[in-house]
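> Before anything else, here's the structure in question.
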Amino acid sequence: MLLRSIRRRIALCGVTTAVLVGLTTTGVAAPAAATPDAFRPQLVTVDTPTRADKQLLQTLGLDLTEHAGHDYVEVVLHTAEDAAALVAAGLGYDVRIPDLLAREAENNELNAAYAAATERSPLPSGRDAYRTLDDYNADMAALAEEHPDLVKLFTLPHASLDGRPIYGVEIGRDVQGPERGLPVFLMLGVHHAREWPSGEHAMEFAVDLVSNYGTDRRITDLVNRSRVVVVPVVNVDGFDMSRTDGELVDLRVVDEGGTASILGTPGNAYKRKNCRLVDGQDTPDGTCAIAATSPGGYGAGVDLNRNYGGYWGGPGASDLFADPTYRGAAPFSEPETQNIRELISGRQVTTLITNHTFSNLVLRPNGAAPDLVPGSEGIPLGDPYDEDALRELGDEMAAQNGYTSQHAWELYDTTGSTEDWSYNATGGFGYTFEIGPDEFHPPFPEVVDEYLGAGQHAGRGNREAYLLALENAVDPEMHSVLTGRAPAGATLRLKKTVATSTWDASIQDTLDTTMTVGPDGRYTWHVNPSTRPVVMDRQVETVSGDPVAEESWTGTTAPLQSTDQEFAVTQDVDLLEITLDWPTPDDLDLEVYRKNADGSLTQVGSSGNAVAEKERVLLQDPAQGTYVLRVINFASATPTWTLTAALFEAETSTVPGLVENWTLTCERDGRVVQRVPVVIDRGQQLRVDLTACGRR
Ligand code: 0X9
Ligand code: ZN
C-alpha cells in the first residue's frame, strides 16, 4: 500500500533542493604565529551539480555559506585540511576570494579611504565606517540620551558568556511611560559574528526613525502607532572578536610573504558562532577575547541561529561542537538566544526581521522543507498556515531591494533558527534578511548602498523594506486587537503556556505580556492571535491506493553516462511520482525535466540520495506535457535499473486543529481582580469588557 501525505498549499517541487549544512572538523583558533606559506582562509565555489554532490559536501565538515545555487555552494576554507578534504572527496571548486585575510586587509584600506574622503555618508547616522561594539553601545546610549521621550536604552536579561552586557533600544512615543498595548516590531542583527552589515542596518534603522520623527509624516505615524525594539548585536562576544581581529593587519601580507608573524588571529574575522567554550560551563569572562591564545577562535561556539527551540535538533544543524552549525547542548542553551526568547515572550511582537549576510535574500518560514516529518508531530511540516500573507510581504520587501523572496528551506534546511521558533511559538511574522551580494562584511560603501538602495533600487533598499515590515507590524489585519473598558491604571496581562515542538520532543514556552490601561478607562491592545499557526487545522493530502496510470522501463547506463526516458502526462492528476531502483549498492541519480515547446528542457525535480538509496521525485499537480526522466550513473559499475513513472489522485483530509486561548487578567495593586479566557484570530477585533475589574 502506498501512503504519503503532503500538506496542502505547498508547492512541492520534486524533492527539496535543501542543503543540510553540517558536519565539520574545523579546528579552533589559528596559532598566533605562522610561517609565510601558512594556509590563508579562502572563499571557494564548490561545484555541486547533483544533490548527491551537495550531500557529499555536507559530510566533509566544512564552513558552508548560504551562498548556494542549483549547482554550487560557496564554502569558507579555514585550514589546509579543509582544502584537502574537498580534493579528497573529488569535488571540484573555483577559488573566489583566494585569501580572505588579504581581502580583509584590502577592505580595511578601502574602508579607510572611504572614511577619509567622506565627511558624512548618506546613511541616517552619517557614519562612514563599520561600528565597533563600543560604537554600537555608545550610539544606542547617545540616541536615548538625546531623545529621552522617544528612545529608551535597555539591557537584555542575560550577559554574554564573556560577561558583556547586551543592549537594545526601544523607540516609541512617550517610551518612558507605561506600555499602552501598541504592536511591537523587532529588528535584530549579528547573530553571526562575521556578518557586520546586519548590525549596521538594524542600527541605522533606529537612527532613521528617530531622526525623521516629527518631520517625516509616514515615519512619525508609524512610530506613534508602534514600539520598535532594535537589538543590533545579539552575539556581542563573537562580533567583538570578529570586528577587532578583522581590523588587525596580517603582517604576512604587509611583509609580502615574509617571516613576520600575524598580529592576533585575523582568521577570527570570519568567526560565525558565539563564545561558548564548554557546554554547560561558564568559562571566566574574557576567555574568548584572548583569541590568539585561547580556544576561543572561529571554530568554538554555538551557532545561535540553530539554538532556538523551534524544531531544534532537526535537519540542517549539527550536534558536533566544532561544526559551523553546532546547535548547542539544548534548545536555548545560550544566553544570547535566551535573551531574544525572553524579549519576544514578554512583548507582543507582531513582526520581526533578523538580519544576516549575505546572498540578497528575504527568507520566510519554514526553515525546513515541507516534506520533512518531525518526529514530534508525525505529519509533514508543509507550509506555514500564513503562507499567503508571509509570501506577499516577503515579495513586497524583496521588490524594494532587488533580493530574492523565498522560503528559508529553499536555501537549505535549518532548524532552531530565530523565526523557526518565534513564528511557531507566537504567530508573529518573522523574516531573515541576507544582506548583500557576495561578502560577509564587504567594503563599507556597499553597506550604504544596501540600506538606501542603489541603481534601479535607489531610494528604496532595505530602508524601504524595513518600513514595509513596520507597516505590517502595525496593520490590525495582520494581527489581532482587543479593546474595551477597564479601570484606569489597571494592569492587563495576556498569558499562555504552550508546548513548542522541537524536532523530537517539545519545550514549554510561556508568553506573558502586560499593558497599562490609560486614564480614559479604555484600552486597545494589539496582540498576536490566541491560536498558534502551528496548531491550526490543516489540510493534508493523502495519496493511497493504486496509481491511475503507471509506466516502467528497465535499462543500463555506463559509468558517468546518463540515459533519458520520455514520459507523457496526458491528464490532470494530483501527483506524478518517479522512482528509480536498482539492485546493487551503487549510486544512480535521477533528474526530471519538462520539455518545452521548442524542445528545450526545464528541470523540475531531482533526487540524489546517498549511495545505494533509491531515488524518488514527486511533482505536485504536474502540468500536462512531455517529461524527460534522466538516469545518471555516478557509480563504477553498470547496474540494471528500473524506472517507474506513476500518476496519482490525492484525497484531502483535514487534521483537526486546536483552539488556543489567551488568559486575560485585569490586575489592580498587584491583585488579579478579573480573569477572562480570550480566543481571537488574526485580523479579528474583539471587545472584552473589563469594567468589573474596577468594581470589586
Ligand atoms: O544559515 C543561516 O543561519 C543563515 N545563513 S547565514 O549565512 N547568514 O548563516 C540562513 C538561515 C535561513 N534559515 C532560516 N532563517 N530559517
Ligand atoms: Zn548569518
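> If you go through the stretch 458-479 one residue at a time, do you hit one that is in contact (Cβ under 8 Å) with a residue 60 or more places away in the chain and within 16 Å of ligand 2 (Cβ to nearest atom)? Explain how you work it out, then say what you get.
Kept after step one, since they are in contact (Cβ under 8 Å) with a residue 60 or more places away in the chain, are these residues of the stretch 458-479: 460-474, 476-479.
Subset that is within 16 Å of ligand 2 (Cβ to nearest atom): 462.
For the stretch 458-479, residues in contact (Cβ under 8 Å) with a residue 60 or more places away in the chain and within 16 Å of ligand 2 (Cβ to nearest atom): present.
> Another question about this same structure. Among the numbered criteria (1) surrounded by fewer than 23 Cβ atoms within 10 Å (Cβ to Cβ); (2) in contact (Cβ under 8 Å) with a residue 60 or more places away in the chain, which single criterion is violated by residue 488?
Status for residue 488: all satisfied but (2).
> Residue 168 is checked against (1) outside any strand (DSSP E or B); (2) away from ligand 2 (no atom under 16 Å from the Cβ) and fails just one. What number does that condition carry?
With (1) outside any strand (DSSP E or B); (2) away from ligand 2 (no atom under 16 Å from the Cβ) applied to residue 168, the lone miss is (1).
> Test residue 113 against the criterion of being out of contact with any Asp or Glu (no Cβ under 8 Å at 6 or more places or on another chain), without any contact (Cβ under 8 Å) to a residue 24 or more places away in the chain and not basic (Lys, Arg), and give yes or no.
Numbers: out of contact with any Asp or Glu (no Cβ under 8 Å at 6 or more places or on another chain): yes; without any contact (Cβ under 8 Å) to a residue 24 or more places away in the chain: yes; not basic (Lys, Arg): yes.
So residue 113 fits the description; yes.
> Still on this structure, please answer the following. Considering only the stretch 128-147, state which residues are without any contact (Cβ under 8 Å) to a residue 40 or more places away in the chain and either surrounded by 20 or more Cβ atoms within 10 Å (Cβ to Cβ) or not in a helix (DSSP H, G or I) (or both).
So in the stretch 128-147, the residues without any contact (Cβ under 8 Å) to a residue 40 or more places away in the chain come out as 134-135, 137-138, 141-142, 144-146.
Selection gives 144 alone.
> Can you run down the residue pairs with Cβ atoms below 7 Å, 6 or more apart or on separate chains, where the first is in the stretch 316-340 and surrounded by fewer than 24 Cβ atoms within 10 Å (Cβ to Cβ) and the partner is part of a strand (DSSP E or B) and aromatic (Phe, Trp, Tyr)?
So the pair list comes out as 318/326; 320/326.
Here is a yes/no grid of residues against (1) closer than 23 Å to residue 479 by Cα; (2) within 14 Å of ligand 1 (Cβ to nearest atom); (3) β-branched (Val, Ile, Thr):
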{"site": "358", "(1), (2), (3)": "no, yes, no"}
{"site": "361", "(1), (2), (3)": "no, yes, no"}
{"site": "367", "(1), (2), (3)": "yes, yes, no"}
{"site": "370", "(1), (2), (3)": "no, yes, no"}
{"site": "393", "(1), (2), (3)": "yes, no, no"}
{"site": "398", "(1), (2), (3)": "yes, no, no"}
{"site": "402", "(1), (2), (3)": "no, no, no"}
{"site": "424", "(1), (2), (3)": "yes, yes, no"}
{"site": "427", "(1), (2), (3)": "yes, no, no"}
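> Given 579, 502, which one is modelled with pLDDT under 95, more than 30 Å from residue 226 (Cα to Cα) and among the polar types (S, T, N, Q)?
Values: 502 fails: modelled with pLDDT under 95.
Going through 579, 502 in turn, the sole match is 579.
> For the stretch 525-539, indicate whether the set of residues that are surrounded by fewer than 21 Cβ atoms within 10 Å (Cβ to Cβ), among the β-branched types (Val, Ile, Thr) and in a strand (DSSP E or B) is non-empty.
no
> Out of all the residues in the stretch 35-51, which are of a type outside the set (Asp, Glu) and either in a strand (DSSP E or B) or at pLDDT below 75 (or both)?
35, 36, 38, 42, 43, 44, 45, 46, 50, 51, listed by residue number.
> Yes or no: residue 223 in contact with a helix residue (DSSP H, G or I) (Cβ under 6 Å, 6 or more places away or on another chain) and within 16 Å of ligand 2 (Cβ to nearest atom)? Before you say what the answer is, go through the steps one by one.
Working: in contact with a helix residue (DSSP H, G or I) (Cβ under 6 Å, 6 or more places away or on another chain): yes; within 16 Å of ligand 2 (Cβ to nearest atom): no.
Criteria not met by residue 223.
> Could you tell me which residue of the stretch 73-96 is farthest from ligand 1 (Cβ to nearest atom), considering only residues that are assigned to a strand (DSSP E or B) and surrounded by 19 or more Cβ atoms within 10 Å (Cβ to Cβ)? Show your work before the answer.
Filtering the stretch 73-96 down to residues assigned to a strand (DSSP E or B) leaves 73-77, 93-96.
Subset that is surrounded by 19 or more Cβ atoms within 10 Å (Cβ to Cβ): 73-77, 93.
Working: 73: 11, 74: 10, 75: 12, 76: 10, 77: 16, 93: 18 Å.
That would be 93.
> With (1) more than 30 Å from residue 419 (Cβ to Cβ); (2) surrounded by fewer than 18 Cβ atoms within 10 Å (Cβ to Cβ); (3) in contact with a Pro (Cβ under 6 Å, 6 or more places away or on another chain) as the list, and residue 569 as the residue in question, which single condition is left unmet?
Just one mismatch for residue 569, condition (2).
> Please work out if residue 341 is in a helix (DSSP H, G or I) and basic (Lys, Arg). Outline the logic, then answer.
On the way: in a helix (DSSP H, G or I): yes; basic (Lys, Arg): yes.
Considered against the rule, which asks whether it is in a helix (DSSP H, G or I) and basic (Lys, Arg), residue 341 comes out as yes.
> Can you give me the number of residues within the stretch 329-356 that are β-branched (Val, Ile, Thr) and within 9 Å of ligand 1 (Cβ to nearest atom)? Walk me through it before giving the result.
Taking the stretch 329-356 first, the residues β-branched (Val, Ile, Thr) are 337, 340, 344, 349-351, 353-354.
Applying the additional criterion that residues be within 9 Å of ligand 1 (Cβ to nearest atom) yields 354.
Final tally of qualifying residues: 1.
> Also, quick follow-up: Give the residues of the stretch 97-127 that are part of a loop (DSSP other than H, G, I, E, B) and at pLDDT 90 or above, sorted by residue number. Give the derivation first.
As a first pass, look at the stretch 97-127 and keep what is part of a loop (DSSP other than H, G, I, E, B): 98-99, 118-127.
118, 119, 120, 121, 122, 123, 124, 125, 126, 127 - these are the residues of the stretch 97-127 that are part of a loop (DSSP other than H, G, I, E, B) and at pLDDT 90 or above.
> In addition: Within the stretch 336-370, how many residues turn out to be over 30 Å from residue 524 (Cα atoms) and within 16 Å of ligand 2 (Cβ to nearest atom)? Reasoning before the result, please.
At the first step, the residues of the stretch 336-370 found to be over 30 Å from residue 524 (Cα atoms) are 336-337, 355-363, 366-370.
Going one step further and asking which of them are within 16 Å of ligand 2 (Cβ to nearest atom), we end up with 336-337, 355-363, 367.
Summing the residues that are over 30 Å from residue 524 (Cα atoms) and within 16 Å of ligand 2 (Cβ to nearest atom) in the stretch 336-370 gives 12.
> Please list, ordered by first then second residue, the pairs with beta carbon atoms under 8 Å, 6 or more apart or interchain, first in the stretch 168-197 and under 11 Å from residue 148 (Cα atoms), second within 16 Å of ligand 2 (Cβ to nearest atom).
Partner pairs satisfying both residue conditions: none exist.
> Taking residue 394 and the conditions (1) closer than 30 Å to residue 270 by Cβ; (2) out of contact with any helix residue (DSSP H, G or I) (no Cβ under 8 Å at 6 or more places or on another chain); (3) at pLDDT below 95, which numbered condition does it fall short on, given that it satisfies the others?
(3)
> Would you check if residue 318 is among the hydroxyl-bearing types (Ser, Thr, Tyr), touching a strand residue (DSSP E or B) at 6+ places or on another chain (Cβ under 8 Å) and either closer than 27 Å to residue 73 by Cα or modelled with pLDDT under 85 (or both)? Before the answer, list the steps.
Values: among the hydroxyl-bearing types (Ser, Thr, Tyr): yes; touching a strand residue (DSSP E or B) at 6+ places or on another chain (Cβ under 8 Å): yes; either closer than 27 Å to residue 73 by Cα or modelled with pLDDT under 85 (or both): yes.
Considered against the rule, which asks whether it is among the hydroxyl-bearing types (Ser, Thr, Tyr), touching a strand residue (DSSP E or B) at 6+ places or on another chain (Cβ under 8 Å) and either closer than 27 Å to residue 73 by Cα or modelled with pLDDT under 85 (or both), residue 318 comes out as yes.
> What is the residue count in the stretch 396-432 for residues that are more than 22 Å from residue 503 (Cα to Cα) and either within 14 Å of ligand 2 (Cβ to nearest atom) or not in a strand (DSSP E or B) (or both)?
Going through the stretch 396-432, the residues more than 22 Å from residue 503 (Cα to Cα) turn out to be 396-406.
Filter once more, keeping what is either within 14 Å of ligand 2 (Cβ to nearest atom) or not in a strand (DSSP E or B) (or both): 396-403.
Result for the stretch 396-432: 8.
> Now for a separate question. Based on this model, can you work out whether residue 483 counts as at pLDDT 95 or above, in a strand (DSSP E or B) and buried (at least 24 other Cβ atoms within 10 Å of the Cβ)? Break it down stepwise before answering.
Values: at pLDDT 95 or above: yes; in a strand (DSSP E or B): yes; buried (at least 24 other Cβ atoms within 10 Å of the Cβ): no.
Answer is no for this residue.
> Any residue in the stretch 433-457 that's free of Cβ contacts under 8 Å to residues at least 60 places away in the same chain and outside any helix (DSSP H, G or I): show its pairings with residues that are of a type in the set (D, E, K, R) and surrounded by fewer than 24 Cβ atoms within 10 Å (Cβ to Cβ) at Cβ separation under 6 Å, as long as the two are six or more apart or on different chains.
453/460
> Limited to the stretch 463-480, what total is found for residues that are surrounded by fewer than 20 Cβ atoms within 10 Å (Cβ to Cβ) and in a strand (DSSP E or B)?
Residues that pass the stated criteria total 0.
> Out of the residues in the stretch 299-322 that are assigned to a loop (DSSP other than H, G, I, E, B) and within 16 Å of ligand 2 (Cβ to nearest atom), which is farthest from residue 384 (Cα to Cα)? Lay out the reasoning, then the answer.
In the first step, residues of the stretch 299-322 are kept if they are assigned to a loop (DSSP other than H, G, I, E, B); the result is 299-303, 307-317, 319-322.
Now narrow it down to the ones that are within 16 Å of ligand 2 (Cβ to nearest atom): 301-303, 307-308, 316-317.
Working: 301: 31, 302: 27, 303: 24, 307: 20, 308: 18, 316: 18, 317: 20 Å.
Residue satisfying both the conditions and the ranking: 301.
The values are calculated or read from the model by the stated rules, or taken from the named source; none is laboratory data. The model shown is predicted, which means the values in this text are computed figures rather than measured ones. Please note: Cβ atoms are built from the backbone with ideal geometry, for glycine as well, and neighbour counts cover all protein chains shown.
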